[in-house]
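Visitor: What follows is a single structure, and I will ask about it in a moment.
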Amino acid sequence: YFDILCIGCFVFLMNLAISSFWTGRGKTNFVLVVSVIVTILNIPFNYFAIFGCESLNLASNGTKGAAVATILAEGVGLVIYFIAFLSKKTHRHFNSREIKIDFPLLKRMQILRLATQKRKQEKLLMKL
């Protein structure tokens, strides 16, 4: 379960970053609504991924399916955040359509290395 969630960590990190943008702008109700939508979607996504559904031709996948379903639900939240982030109103106030990623800064911060290091630590602890 955890290995699959680590593969989808980009979705979780992006959700955290963009929800922080909205929180910093005082739009905490919007963050709450998106979180509720993600949680509500996560329930049926997990149910169908864990137990399957013959009428929809979905096989049961157990905990692996639950991890994938959780990533998908978070992905829906990320899409909602990005649609709002790229809207005309947000663009007028924050110039949000001109996204510039500072790759040298990310490299210096070693974001990806930290995420993989955490995964290695968890695997090591699980073996003990």
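The values are calculated or read from the model by the stated rules, or taken from the named source; none is laboratory data. Everything numeric in this text was worked out from a predicted model, so none of it was measured. Accessible surface areas use protein heavy atoms only, side chains included; no ligands, DNA or RNA. Shrake-Rupley method; radii C 1.70, N 1.55, O 1.52, S 1.80 Å.
Visitor: Taking a 1.4 Å probe, which of 5, 86, 16 shows the most accessible area, and what order do the others take after it?
Guide: Order by accessible area, largest first: 16, 86, 5.
Visitor: So what does residue 31 come to for accessible area, using a 1.4 Å probe and Å² rounded to 10?
Guide: 20
Visitor: Quick one: Cα centre-to-centre distance for region 62-98 and region 1-58, in angstrom?
Guide: After rounding, the separation between the Cα centres reads 9 Å.
Visitor: On to the next question. How much solvent-accessible surface does residue 72 expose, in Å² to the nearest 10, with a 1.4 Å probe and all protein chains in place?
Guide: 100
Visitor: When the Karplus curve 6.51 cos²θ - 1.76 cosθ + 1.60 is applied with θ = phi - 60°, which whole-Hz ³J(HN,Hα) does each residue of region 25-35 get, with x for Gly and Pro?
Guide: Those phi angles translate into 8, x, 9, 5, 5, 5, 4, 4, 4, 5, 4 Hz.
Visitor: May I pose another question? Accessible area of region 6-97 with a 1.4 Å probe: how many percent of it is carbon plus sulfur?
Guide: Whole-percent figure for carbon plus sulfur exposure: 69.
Visitor: Another question about this same structure. Could you name the aspartates and glutamates in cross-link range of residue 89, using Cα to Cα under 16 Å and dropping any fewer than eight places away on the same chain?
Guide: Leaving aside aspartates and glutamates fewer than 8 places away in the same chain, those within reach of residue 89 are 98.
Visitor: Subtract the Cα-Cα distance of residue 89 and residue 28 from 0.36 nm times their separation in residues, and report this length gain in nm to one decimal.
Guide: Value of the extension gain: 20.3 nm.
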